[in-house]
Amino acid sequence: MAGKPPQGDPVQDAPQVAGPKHAAAGLPAIGHTLRVAQQQMGVRRTALTLLRVNQKDGFDCPGCAWPEPEHRHKAEFCENGAKAVAEEATLRRVTPDFFAAHTVADLATRSGYWLGQQGRLTHPMYLAEGAEHYAPVSWERAFDIIAEELTALGSPDEALFYTSGRTSNEAAFLYQLFAREFGTNNLPDCSNMCHESSGSALSETIGVGKGSVLLEDLYKADLIIVAGQNPGTNHPRMLSALEKAKANGARIITVNPLPEAGMERFKNPQTPQGMFKGAALTDLFLQIRIGGDQALFRLLNKLILETEGAVDEAFVSEHTHGYEEFAQSARAADWDETLTATGLTRAQIDEALRMVLASKRTIVCWAMGLTQHKHSVPTIREVVNFLLLRGNIGRPGAGVCPVRGHSNVQGDRTMGIFERPAPAFLDALEREFGFAPPREHGYDVVRAIRAMRDDKAKVFFAMGGNFVSASPDTEVTEAAMRRARLTVHVSTKLNRSHAVTGARALVLPTLGRTERDLQGSGEQIVTVEDSMGMVHASRGRLEPASEHLLSETAIVCRLARRVLGDESRTPWEEFEKDYATIRDRIARVVPGFEDFNARVADPGGFALPHAPRDERRFPTATGKANFTAAPVEYPKLPEGRLLLQTLRSHDQYNTTIYGLDDRYRGIKNGRRVVLVNPDDARELGLADGSYTDLVSEWQDGVERRAPGFRVVHYPTARGCAAAYYPETNVLVPLDATADTSNTPASKSVVVRLEQSAAN
Ligand SMILES: Nc1nc2c(c(=O)[nH]1)N[C@H]1C(S)=C(S)[C@@H](COP(=O)(O)OP(=O)(O)OC[C@H]3O[C@@H](n4cnc5c(=O)[nH]c(N)nc54)[C@H](O)[C@@H]3O)O[C@H]1N2
Ligand SMILES: Nc1nc2c(c(=O)[nH]1)N[C@H]1C(S)=C(S)[C@@H](COP(=O)(O)OP(=O)(O)OC[C@H]3O[C@@H](n4cnc5c(=O)[nH]c(N)nc54)[C@H](O)[C@@H]3O)O[C@H]1N2
Ligand SMILES: [Mo]
C-alpha cells in the first residue's frame, strides 16, 4: 500500500521515521533551539531576547503555564519556550504588500505552517464584503466597522467574544467587562477545549476549579503520578521540577498510552552532568489504553479501601461528604473489567498500589490525556476520590495538579473570561461599574459554533487564537464561520482563521508579550497567573514589530468607547493610559487581588489564596470536599477499529507549526503520520510506511475523512492510535464532547483506517 503524501499543500509533507527516543532535552535540544531562534531573529536579537525570558525583570514566557522556580537560572527557558519566543520576536513581516499579493482564497489553500512562517502582522487589515483581498484600514475605521455590525444585531447575544489564553489579566478583565456592558456572556475561550473538564470536576468536588499544589509541593512529595501528559514537549521545565523531586526521594508513576521520551529520561540542560547522562524519571510506566484512567483509579480506590489502615479516617470524617456512597461504588470495581479497560496487567496495578500505600504525600498531575474524553469529568472526579481517601489535599507535598496550557489561560478565567460566570462575580462587577451585567449563561466554544451554524450568532470577535483550526469538526466549523456577518481577529501572526471569514473581516495586529508597551502614562507592565495560581508581572522589552500595533488593552478600550459611547460610565480612556488603574479595579472585584499594584511590585509575584490548599476549607455546596460516585466508563471499540488520540508534535504550539519534525518520537519532515501498535497494524494489514485515510465513525452516521497519512509502527497501547492536531480536527465530531464540561473529545475518536485513494 505504498503511496504518496497528499498533493496541493505547498509544504512538502514526506515523513521519515527513525523510531522513538528514550531521553529528552540535553545538548541536541540546545542546538535545535538556537538554530530555530536564529532563523527567525538573527544572532544578536536571539541572545538579547532569550536572556530576558522568565527573568524577574523580563517577560513571562508565552510558551506554557508552568511556574517559575524561586531561584532562577540565567537561562530559565526551554527549547519549546524559546521556539514560542522566536515565533513572536521574528524579524519576518506580513505587510499590506503581502495581502495585495495573495487573495483570501489563495491564503485558504496554504498550510498552517506556511501561514505562520510569513511573520508578524504589521497593519490593521479589512476584507470588504465581496472583496478578494484584505486592504489596509485605519484603526478608527476598523472600530467603526465593528460598531456598525454590533449595533445592527437583534440582540447582544448574537455576538461572540472568544479568547485564547495568552491575553494578560489586564486585557482579559477589560475584555469581559466590555462584553458584559455590551450585554452578553458569550465568552467562549480555549479553556473550553482544554482544561474545562478539570475545572468542572474540581469546582464540584473541592470547591475551587484550580490545582491545589505549589512548586514546593512537588519537591516534598513521596509520589507523583503524571497521567495523560507529555511534559518533555509541552511543559519542559516541569522535567526539572520532577528531577528535583526525585533527588528529594519522590517516586514517579507515568500513566500514558505512549512512552514519552521526557518521562523516560531527562537530560537537564542546566546542569553539566544532566546534559550528557540524564536522570531516569519514571519508576513505573503504566501503558494504559486510551480512556482507561477512570477504571484504573476506581480499582486503586477499591484496593485502598480494602487495605487495613490505608484510609485517612480523620480527614475523611472531618472534611469530606459522600464517602459511603462512593465507597460502595468503589468496592464494586471489578478486576477483569479494569484489566480490559486499561490493558494493564495485575502485576502492574499491584505494583502501583504498593507505591501508593508507601506514600504519605501524593500528587497527581494531568493534562489533555485526561480532559478530552467523553467521561473526562468523572475520570478527574475519580482522581479526586483517590487523593481524598488518603488525605492528600490541603497538606504539603500533596494535591491535585492540572497542568495548564496557554501561559495565561488560568488568569483569563480568574479575570472573568467565562460563559457561565458565578453570580458573586457579576454582583461585584455591578457594584464596581454601575451597570446590570447579563445573568444568562453564554455560549462555550461548541455552542458558539452551533450558534453561527444556525444563524443565531453573526459577529465573531477573537482575542488571539486560531478558532477554526483549534476547534473540532473543521468542515462544520469553517462553514459556520463563513455564515457570520463579521469576523474579527486580534492577532500577532497570520493563521487560517484569517482566511476563513464572514461576509466582512478584520485582522487587527497586536503587541506580543515580548514587546514594549508604551501608553500615555509611560511604559506598562501586565500581569499573568501561572498553573499554580502565582501572579506576577511581565514586561516586554523589544521594539514592537510595527509602529501600527496596538496593545490588546488599548484595542478593547477604544472598541468599548466606540461601541458603548456615553452609555458606559467606565473610564476606558484612563484604563488605556495607565494599566495600574485597571489593576486597582481588579483588586476591588476579584477576590485574592487586594493591594494588587503593591503586591505585583514583588518580582517573585504572589500566590492567590486557595482555600483547600491553605486551610483545608472546601467552598462547595456541602461545605466539605465531595466524594463522588459514578458508573465506570471506558471506550468500547467495534471490530477492526482503533481509538485515535489527536496530540501535539514536538515542533508545534497548538495550531502554530514551528517545523515538520517530532524529534522525540523519531519522526522527521512530515506531520501526516498515524502511530499504530505493530500488532494492531499487522492485524489490520497496515504495513509500516504505507499510506492510509483516517475515517472517523460517529453516531450521527456522518463519515469524516482525513486522507493520506503515513502509517508508523509505534509502541503505543493496543487498540490505540495517535496523530497530530490540527490536521485531524476534521475527524472530531462537533457533538462528541465530554459530559458536563462540553469539551471536544479529541483524545478518543473511533476511526477505521482505509487504503488511500491516492495509491
Ligand atoms: N511546545 C508546546 N507546549 C505546549 C503546547 C504546544 O502545543 N506546544 N500546548 C500548550 C497547551 S494549550 C496545552 S493544553 C498543553 C498540552 O499538554 P499535553 O496534554 O501534554 O499535550 P498533548 O500533546 O495533547 O498530549 C497528551 C498526552 O496525553 C496522553 N494521552 C492521550 N490519551 C490518554 C488517555 O486516555 N489516558 C492517559 N493517561 N494519557 C493519554 C498522550 O499520549 C500524550 O502524552 O501544553 C501547552 N504547552
Ligand atoms: N484535535 C485537537 N484539538 C485541540 C486540542 C487537541 O489536543 N486536539 N487542544 C485544544 C487546546 S488544549 C487548546 S488550548 C486550543 C488552542 O486554541 P487557540 O488558543 O485558539 O489556538 P493557538 O494555536 O494557540 O492560537 C495561535 C494564534 O494566536 C495568536 N497569538 C499568539 N500570541 C498572541 C498574543 O499575544 N495576542 C494575540 N491577540 N494573539 C496571539 C497568533 O495569531 C497565532 O496564530 O486548541 C484545542 N484544540
Ligand atoms: Mo490548552
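The values are calculated or read from the model by the stated rules, or taken from the named source; none is laboratory data. These figures come from a predicted structure and were not determined experimentally. Backbone-built Cβ (ideal geometry, glycine too); neighbour counts: all protein chains shown. To get the accessible areas, we keep the full protein, side chains included, count just its heavy atoms, and leave off ligands, DNA and RNA. Shrake-Rupley method; radii C 1.70, N 1.55, O 1.52, S 1.80 Å.
Output the qualifying pairs, or none if there are none: Cβ atoms under 7 angstrom, residues six or more apart or on different chains, first residue in the stretch 475-486 and assigned to a loop (DSSP other than H, G, I, E, B), second residue surrounded by fewer than 15 Cβ atoms within 10 Å (Cβ to Cβ). Here the result reads 483/455, each pair linking the stretch 475-486 to a residue that is surrounded by fewer than 15 Cβ atoms within 10 Å (Cβ to Cβ).
Among the residues making up the stretch 501-523, those that are open to solvent by less than 10 Å² (accessible area, probe 1.4 Å) and polar (S, T, N, Q) are 510, 514.
Within the stretch 190-244, restricting attention to residues that are acidic (Asp, Glu) and part of a helix (DSSP H, G or I), the residue that is farthest from residue 286 (Cα to Cα) is 204. When 173, 161 are checked against the criterion of being over 30 Å from residue 622 (Cβ atoms) and either open to solvent by 10 Å² or more (accessible area, probe 1.4 Å) or in contact with a Phe, Trp or Tyr (Cβ under 8 Å, 6 or more places away or on another chain) (or both), 161 stands alone in meeting it. Got at least one residue in the stretch 280-298 being among the hydroxyl-bearing types (Ser, Thr, Tyr) and not in a loop (DSSP other than H, G, I, E, B)? No, the stretch 280-298 has no match at all. Working carefully through the options 155, 203, 198, find the one that is within 16 Å of ligand 3 (Cβ to nearest atom) and either open to solvent by 10 Å² or more (accessible area, probe 1.4 Å) or under 30 Å from residue 662 (Cα atoms) (or both). Exactly one residue qualifies, and that residue is 198. If residue 303 satisfies all but one of (1) part of a helix (DSSP H, G or I); (2) within 30 Å of residue 31 (Cβ to Cβ); (3) open to solvent by 10 Å² or more (accessible area, probe 1.4 Å); (4) free of Cβ contacts under 8 Å to residues at least 60 places away in the same chain, what's the number of the condition it fails? Single failed check for residue 303: (2). Of the helices (runs of 4 or more DSSP H) lying entirely inside the stretch 354-439, those containing at least 3 residues that are open to solvent by 20 Å² or more (accessible area, probe 1.4 Å) and away from ligand 1 (no atom under 16 Å from the Cβ) are 423-433. With respect to residue 592, is the statement that it is open to solvent by 20 Å² or more (accessible area, probe 1.4 Å) and modelled with pLDDT of 95 or more true? Criteria not met by residue 592. The requirement of being away from ligand 3 (no atom under 16 Å from the Cβ), in contact with a Pro (Cβ under 8 Å, 6 or more places away or on another chain), open to solvent by 10 Å² or more (accessible area, probe 1.4 Å) and aromatic (Phe, Trp, Tyr) is fulfilled somewhere in the stretch 179-190, by at least one residue. Within the option set 413, 361, 395, 354, being basic (Lys, Arg), within 15 Å of ligand 2 (Cβ to nearest atom) and either outside the structural domain of residue 742 (by TED's automatic domain parsing) or under 29 Å from residue 461 (Cα atoms) (or both) holds for one residue only, 413.
Considering the stretch 643-678, and only residues there that are in a loop (DSSP other than H, G, I, E, B) and within 14 Å of ligand 2 (Cβ to nearest atom), the residue that is surrounded by the most Cβ atoms within 10 Å (Cβ to Cβ) turns out to be 671. I'm trying to understand the selection: among the residues of the stretch 463-475, which are farther than 18 Å from residue 164 by Cβ and surrounded by 21 or more Cβ atoms within 10 Å (Cβ to Cβ)? Correct list: 473 only. Selection of the stretch 527-549 for residues being in contact with a Lys or Arg (Cβ under 9 Å, 6 or more places away or on another chain) and in a loop (DSSP other than H, G, I, E, B) yields 530, 531, 532, 533, 539, 540, 541, 543, 544, 545, 546, 549. Scanning the stretch 176-189 for residues that are in contact with a Gly (Cβ under 9 Å, 6 or more places away or on another chain) and part of a helix (DSSP H, G or I) yields 176, 177, 179, 180.
Would the stretch 323-336 turn up any residue that is hydroxyl-bearing (Ser, Thr, Tyr), touching a residue at least 24 places away in the same chain (Cβ under 8 Å) and open to solvent by less than 10 Å² (accessible area, probe 1.4 Å)? Checked the stretch 323-336: no residue is hydroxyl-bearing (Ser, Thr, Tyr), touching a residue at least 24 places away in the same chain (Cβ under 8 Å) and open to solvent by less than 10 Å² (accessible area, probe 1.4 Å). Can you find a residue in the stretch 565-581 that is open to solvent by less than 30 Å² (accessible area, probe 1.4 Å), within 23 Å of residue 424 (Cβ to Cβ) and basic (Lys, Arg)? No: the stretch 565-581 contains no residue that is open to solvent by less than 30 Å² (accessible area, probe 1.4 Å), within 23 Å of residue 424 (Cβ to Cβ) and basic (Lys, Arg).
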